[in-house]
Each structure stands twice: as structure tokens, then as C-alpha cells.
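Take a look at the structure below.
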Amino acid sequence: MNDTEQERAFRERARTWLEANKPKSRRPEDGSEMVAFDREWQNTLFCGGWAGIAWPKEHGGQGLPLNLQLIWHEEYARSAAPDAGVNWIALNHAGPTLIEKGTEEQRTRHLDAILSGREVWCQGFSEPGAGSDLASVQTRGVVEGDELVVNGQKIWTTFGNHADYQELLIRTDPTAPKHKGISWVICDMRSPGISIRPIHSLTGKQHFCEVFYDNVRIPLANVVGGLDNGWATAMATLGFERGTGFITEQIALARTVEAMIAFAKSSPRRLFDSDLVADRLATLRAEVTALRSFTYLMVSRIDSEGLSPFESSVTRLYYAELTKRVMKFAYELFGQSRLQRQESGGLASIGYLDAFRYTIAAGTSEIQRNIIAEKLLHLPKA
Amino acid sequence: MLTLLPTAEQLQLADAVSSHLAATMPVSRLLPKSPRRLTRDRGDWGSLVDLGLFGVAAPEEIGGSGLGTVEEALINREVGRYLLSSAVLASQLGCRLATHAGKTDLAASIVAGERRVALGIDVDGCQIGEKCSGTIQIVDGAPGDLVILWNGNGTALVPYDAVEREEVQSQDDTIGLESGRLDAPATVFLSTTQYDLGRQASILIAAQLAGIADAVMQRTVEHAVTRRQFGQLLGAFQAIKHKCADMKVRAEVAWAQTLYAAQAIEAGQPGAFEASAAKQIAADYAILTVEDSVQVHGAIAYTAELDIHLFLKRAHLLAVASGDRLRENRAFLGLQRV
């Protein structure tokens, strides 16, 4: 849409800075090299005055209004700068949660470190017995003096083996109803008693971990949002995840569809001779266009009238399901050669396998549909 | 920046149209008065004229309201909910075409309801130009009408009476459908480079489809909180809940894209890409939603007694109204036709 004078100037500034400062080398795919790369890029953003564009100024962020955030995301995606990588949880989960629910001391300790890439965070929510039913977490925290003693197990902890800190959900009052008696705590991942087992995903890459806690001692001062009040804190955290945090990824999805169209146009297999291919690609292009429009509409609404936190489930569900449709068709475009692990014109055959996580992580599509049905359409609970 | 949200005045306008249609033209008007025959309907044209429906974007000098595409989209979303005749869509578009062609008298007569326009649908790639020829279908036409036709070349109005017509049986008993052979000069013709009415048509069609998607979603939710089976409300079953949630997503996304396209045009952008995306999304999503709604309603929705099938048939009519999907796809992807 048409930029105002101020927006145009901001866009120009963002574009110029990104072009001059984005990493020149390719992001390493895993290991400590990847972590170092991500930290350095975050520090570059920090030094350039671009870290935490949505974070309030008093907490070290840029405090940009929504329109400028959106322009930043657009320019970021356009520049093909690397995504937040190992810093994603810290920037989109932990930081915003501390800003909203943390103590002054917790904010001072962590926010600056997060923005400058000095602290990598991971999430400790899911457990083997608590997936979609997150409120049944069993990892136990017992108060002893001014400490919590934690025992139990977490799973699907992305980058758990690289993280400095973890946002950890534990049961601190087992006698209370399941949504009560949970606490959200800051866990130092180097604490004695923590052991980590990396898990390989179906793509063959190591993405997440299982984390075991054996009498891990965490200061009570690390509880965020009040002891036994962690469910409310966790819902705030997930609200961020299901909301605007995904804008860059949405723009990236649109770029994938453009890459598919270019791939089909230039393919020696003359893919566009097929009406089916044209129909599918036209549909996907229209759908990613509509995803962008829907996000803009949401942003307009947040700006003017505020938004129910449940509305973000609509965006998340649409984005997740659409991502799977896009990646599946990209895979099909590779034809017989999809059997090979390959990349061509911005498309990667691994994308199809990787996309299965979208409708599972951050609340499965089924959970999102329940939220939409019960909270937005007011259908009865089962 | 983007201000996608309609203004309070724009929303008031849509509310006024909606209340009027709810009071005077509820969808139940289309249900069969006798067991066999549904009611054919062009709506109460006089009251639609009083609402200013045909001159939303027409200049005030000829009786129009001088508003823009956003208002038209908002109004057509309501028109979609109440399944008004496609002659309403055609007359709005006809008025825009006549206005842009400088045919002020014709535009004024459409605004005043003295002249009506029926929807023409290109069946096999007709010639649309100063002279029009080919096979078309006409929806809800009547003697004295003009018929509007458009494709990639441009848009034409031709006299209904100049078309060699034959009534055919429609899938939808609430519309009149004729097959026509056309070989006549256009009363008005503008090429796409002179005026891209196809873009405007796509937005109004998308808006009506978004209205259908939203209305049917609401109707389905109402059913789910009313009917009980196995001792609980239908809506408490996850299988039903999830269908309703999908309907909600589709209705929201289709409307968002329609609104974006309308705002883009008002902001002076070409908007053809946005409009085409809106029409495609809205058509696919409205149809999926009504199909799901039939399933959620169960056996009663298989009968002619419940009105849900009317939404299904109307969604298909709107989906094909602007011509061949395969050709549209290729244009949307920037491809030459093979």
C-alpha cells in the first residue's frame, strides 16, 4: 500500500542498512558455527539499532509502531537476511514475556542480553505426557527455602543443547486443579542436574532435544508472573508466538510460491503446459496474497480497536495449513527427482518434510480449531 | 500506511443496507411456496433503487452517491448474504461502464432503476468489442434490459432483445437462465486499456462470495448451538466444531483479501492482481463452506426446504460469472495462453 512520507523514509533507511549489513556468508546449518553465526547477526542488529523492533523503548527495543514494524518485516524478507535462528525463542517468547510479567530485576538481567545476542533461550513447555494438553505438565518443582528443586522431563526443546536459559513450566502445587499450581520459571541451562539428549527430526537434522531434570535448583527469584500462576504467563507467551511473530515467515512463504512459479516457468519439463499446475499455482499464489491481506487487516485492527488474543489462532491455523499445502506442491514440482535432497531456485526438497511441524508446533491445528470454535464462535465445550 | 479497516461511515452504510435487506428480502423469500416450484426473484427493484444500490460509485449529478470501491465491496457483501439477483451485480457494473464511457443518460437511467442490466456469461470465448458475437448465458434477463459481458478484451453492454435466446433449465430454480446466440453491435464498449471493469467485477463478485461464506458460517454455527444429538449440542462435538472453525477462517481470509483489493484501488493502485486473487479465494472458500454446511446440517440440507442449497448454487454462479477459470489462472500467473 502507499507509504506516507515518514514510512517511505523509514523503508529506505531499513533497506539501505540491511543491504549493507546483512551477513555475506551463508548461515551454517547446525552446530556451534550456526549458533555463533546467529549470535553475531543479532549483535549486528543490536549495534545498528534494529534489535527488538516491537519491544518498548524503555526495555531496550525500538518501540516501533505497527506500521513501521510491518515495513521492517517486509524489507527484512526482501533482503533475504537470515531469520532469527537460535534467538527466535528469546526474542519472540522469553523477552516479551519478561516485559509483560517479569520483575525489574529479571528484566535488567536478561533483556539487554537477549537483544544483543548474548543469551540464547529455549522453551520447556511440552512433556512426553503433556503435548496438546499442556496444562497437565508433571515436571515437579518443590520449594525449599528460597529455591525450587526441580525433577522431571521436557521434550521438543528446540535448540535446547545450545541455549543459555529456558522458559520452564513446572508443577509447583500438585493439589490444585491442573490449570492452577503451575509456575513459569527461568532455568539456567548450565545448572547441575540437567542432562540433554538431542533428537533428530524426520528431515534428518538435529532440531530439538529432550531435557531431564534431576534435583535442579532454581532460585525462587526466577519465577515469572508469580508462584502457581504460570498458566497465565504461559498463555501470554503463546499469544506472542501465535501473533505477529510470524510476519517474516509469512512473507517468506509468499516468496516460496514466487519461486515455484519461476521454477515451473523455466522447467524443461514444461510444467505450465498442464492446466492442473497452473490452477494449483494460481490458487496458492492467491492464498499467500490473502494471508498477507489478512495479517494487514489484523494489524489495522490491533492498531485501532485491539484484538482478542484468540484471533491470532485464525492467522496461525491458516498460515500453518497453507504452508503445508505450499511445501507439498513444491515437492511435487520436483517430479521424480524429489527423491534426491536438492535445492533449486530457492526451493528445497527437504521443505516438504520440514513442513509437517507447522500444524503441530505452537498448538496443533486441532487445538487452534478448538480455540476458534469455543472462543470466537462460542460453541460449547465438549 | 495501509488502513484496511473501513471507516465508521462506511460500516454504517453497510449496516443500513443489511437491515433493509433483512427486513424486506430475507433469503426465506426464495423458498418454495408450493412443494415443487421455487420462487424466481429479481428482488424489489424499487426499494433497491431507493437504497441507492445502483449508483454507489456514480457521480452525484446523475443521482449517484459518489462513493468508491470500498463502499461497493461492503454493500455487495450484504447483497451476497441475501442472495439478491445477479441483475443487481450486473446493473452496478453496467452503471460504472456507462459512466466511464460518458453515456450519462444511460448511467442515470440505471441509477434510477428505469433501465436494468442482466448478467451475461461468456460460454466459449466470445468476441467482445464494438461488435459482439458468440454463445452466452443470460441470468435473470427481461425484455428491455441490457446484458453485460466482459473478458480480457473489455466490457460491453448489448441489448437483451438483440440476443437470439432460448430458455434453459437452471440448476437453481430461483434464477432465470437462458442460452443465447449473440451477433450484434454493442450499445457501449470499453476496452480493458480504456477501463478495466473486470477488476471491479472481480471485487464485487468476491465481496458477494465473502458475504455468502460469512452468512453460511453464521447459519451453521446457529444450527450447531441449537440441535442436540446424543444428549449434547451438535457444536460440542469436535468434528462439527472443526468444520465451523474452518468456515470462520475462510470467511475472514476471503473478506480480508477483498477489502485489500478494494482499498488498493481506492489508493490509486492498479489492483488487478489483488482483485483476481480475491475472486479466486472467495469463490473457492465460499463453495467449500457451503458444502461443509450441507454436511453439518445433515439430511434437511439435502432437501429444497432448507435454503442452504441456494447459497451453494449462487456461489457457483458467481464463481463462473467472470469466465473461464483456466484462462483467468494463466492471466493471474502472467502466462500466455497455451
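The values are calculated or read from the model by the stated rules, or taken from the named source; none is laboratory data. What you see is a predicted model, and the numbers here were worked out from it, not measured in a lab. We place every Cβ from the backbone using ideal geometry, glycine too, and count neighbours over all the protein chains shown.
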Residue, nearest to the other protein chains (Cβ to nearest Cβ), within the stretch B:231-260, restricted to residues that are touching a residue at least 60 places away in the same chain (Cβ under 8 Å) and out of contact with any Phe, Trp or Tyr (no Cβ under 7 Å at 6 or more places or on another chain): B:Leu259
For the stretch A:166-206 the number of residues that are at negative phi and either surrounded by fewer than 23 Cβ atoms within 10 Å (Cβ to Cβ) or over 24 Å from the mean Cα position of the chain (by Cα) (or both) is 28
Going through the stretch A:278-290 in order, the residues found to be at the interface with chain B (Cβ under 7 Å from one of its Cβ atoms) and over 13 Å from A:Ala264 (Cβ atoms) are A:Thr283, A:Ala286, A:Glu287, A:Thr289, A:Ala290
Which numbered condition A:Thr175 fails, given (1) without any contact (Cβ under 8 Å) to a residue 12 or more places away in the chain; (2) in contact with an Asp or Glu (Cβ under 9 Å, 6 or more places away or on another chain): (2)
Residue in the stretch A:215-247 that is modelled with the lowest pLDDT, counting only those that are surrounded by fewer than 17 Cβ atoms within 10 Å (Cβ to Cβ) and in a helix (DSSP H, G or I): A:Met235
Residue under question is A:Leu91, and the condition is that it be over 18 Å from the mean Cα position of the chain (by Cα) and surrounded by 15 or more Cβ atoms within 10 Å (Cβ to Cβ); does it hold? no
Among the residues of the stretch A:46-60, how many are out of contact with any Ser or Thr (no Cβ under 9 Å at 6 or more places or on another chain) and either surrounded by 18 or more Cβ atoms within 10 Å (Cβ to Cβ) or without any contact (Cβ under 8 Å) to a residue 12 or more places away in the chain (or both)? 6
Taking the residues in the stretch A:1-34 that are in a helix (DSSP H, G or I) and touching a Gly at 6+ places or on another chain (Cβ under 8 Å) as candidates, determine which candidate is farthest from the other protein chains (Cβ to nearest Cβ). A:Met34
For the stretch B:223-230, state whether one or more residues are small (Gly, Ala, Ser) and within 9 Å of chain A (Cβ to nearest Cβ). yes
So if I check each of B:Asp284, B:Asp324, B:Asp307, which one is acidic (Asp, Glu), over 23 Å from B:Gln263 (Cα atoms) and within 14 Å of another protein chain (Cβ to nearest Cβ)? B:Asp324
Inside the stretch B:303-338, can you point out the residues that are polar (S, T, N, Q) and either assigned to a helix (DSSP H, G or I) or at pLDDT 95 or above (or both)? B:Asn329
Going by the conditions given, is A:Thr16 modelled with pLDDT of 95 or more and crowded, with 16+ Cβ neighbours inside 10 Å? no
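Where in the stretch B:19-102 are there helices (runs of 4 or more DSSP H), lying fully within it, with 2 or more residues that are surrounded by 23 or more Cβ atoms within 10 Å (Cβ to Cβ)?
It comes to B:69-81, B:86-100.
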May I ask you to list the residues in the stretch B:268-310 that are surrounded by 14 or more Cβ atoms within 10 Å (Cβ to Cβ), over 12 Å from B:Ile212 (Cβ atoms) and of a type in the set (Ser, Thr, Tyr)? B:Ser276
